[in-house]
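No value in this document is a laboratory result; all are computed from the given coordinates. Everything numeric in this text was worked out from a predicted model, so none of it was measured. Ideal geometry is used to build each Cβ from the backbone, glycine not excepted, and the neighbour counts take in all protein chains shown.
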Amino acid sequence: MYENTAFDVYFLGMIHEVNLGGGDNIRDPDVQLIDKVEEAQLEGKVQLVPNPETRVTVSVSKHGIKVVNKQNHVQQRHPLHTLAQIVYYVDSFFKSNLALKIGQVGRSVYDCYVFQCDTEDQANCICQSLKSVYDDITRRNL
């Protein structure tokens with residue numbers, strides 16, 4: 001049975017209504033998403049470099065993802081059924097980032113939440129934790 005796991009990361013920002021349905025079917029959707037995140041960073045919509053005030057705790061559980069700030073206030077809740085995808089990538093500063101796509105699977109428009117991890121291992125652990133939740137739920141429903 002899967003247990004709740006928590007990770008301390010930096011919240012870099014959110015991009016509203018990302019649309020990847022614009023006809024660029026040649027490039028990988030993950031690469032397109034990373035391009036959108038980096039474009040938002042250059043426009044100042046998403047932080048390039050985190051500051052200590054943006055440190056949050058991301059909890060992964062069978063209910064989804066919960067983001068809590070340093071004062072223990074819940075900043076975000078993303079139910080499991082709204083988590084369309086998580087993409088791990090290394091940015092141009094060689095930092096480990098996660099882009100969390102929130103919306104309905106199969107739709108081309110969604111919101112994207114961007115987090116920076118302390119290490120590559122931490123980013124991989126978050127991805128693996130989310131995978132474990134999905135695997136556990138899938139096994140139970142078979």
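If you filter the stretch 56-136 for chymotrypsin sites (Phe, Trp or Tyr not before Pro), then keep DSSP loop positions with at most 15 other Cβ within 10 Å, what is left?
PHE93, PHE94
Using +1 on the beta carbon of Lys and Arg, -1 on that of Asp and Glu, and nothing else charged, what's the dipole of the stretch 5-140 about the Cα centre, debye to 20?
640 debye
Translational diffusion coefficient, Stokes-Einstein: compute it for the chain using the Kirkwood radius over C-alpha pairs as Rh, at 25 °C and 0.890 mPa s, and state it as an integer in µm² s⁻¹.
The calculation lands on 157 µm²/s.
Test of understanding: ordering SER129, SER92, SER61 by Cβ neighbours within 10 Å, fewest first, what list do you get?
SER92, SER61, SER129
Taking a label point 7 Å from the Cα of ASP136 along the Cα→Cβ vector, which residues of the stretch 73-91 have an amide N closer than 16 Å to it?
79-81
Please work out how many pairs of lysine residues in the stretch 2-142 are eight or more positions apart (or on different chains) and have Cα atoms closer than 20 angstrom.
Here the count comes out as 10.
How much length is gained on full extension from GLU43 to LEU80, taking 0.36 nm per residue of separation minus their Cα-Cα distance?
The GLU43-LEU80 span can extend by a further 10.3 nm.
Set the Förster radius R0 to 30 Å, insert the Cβ-Cβ distance between VAL68 and ASP28 as r into 1/(1 + (r/R0)^6), and round the FRET efficiency to 0.05.
FRET efficiency, VAL68 to ASP28: 0.40.
Only sites in a loop by DSSP and with at most 11 other Cβ atoms within 10 Å count here; which GluC sites (Glu not before Pro) in the stretch 37-142 make the cut?
In loop regions of the stretch 37-142 (DSSP not H, G, I, E or B), the sparsely surrounded GluC sites (Glu not before Pro) are GLU43.
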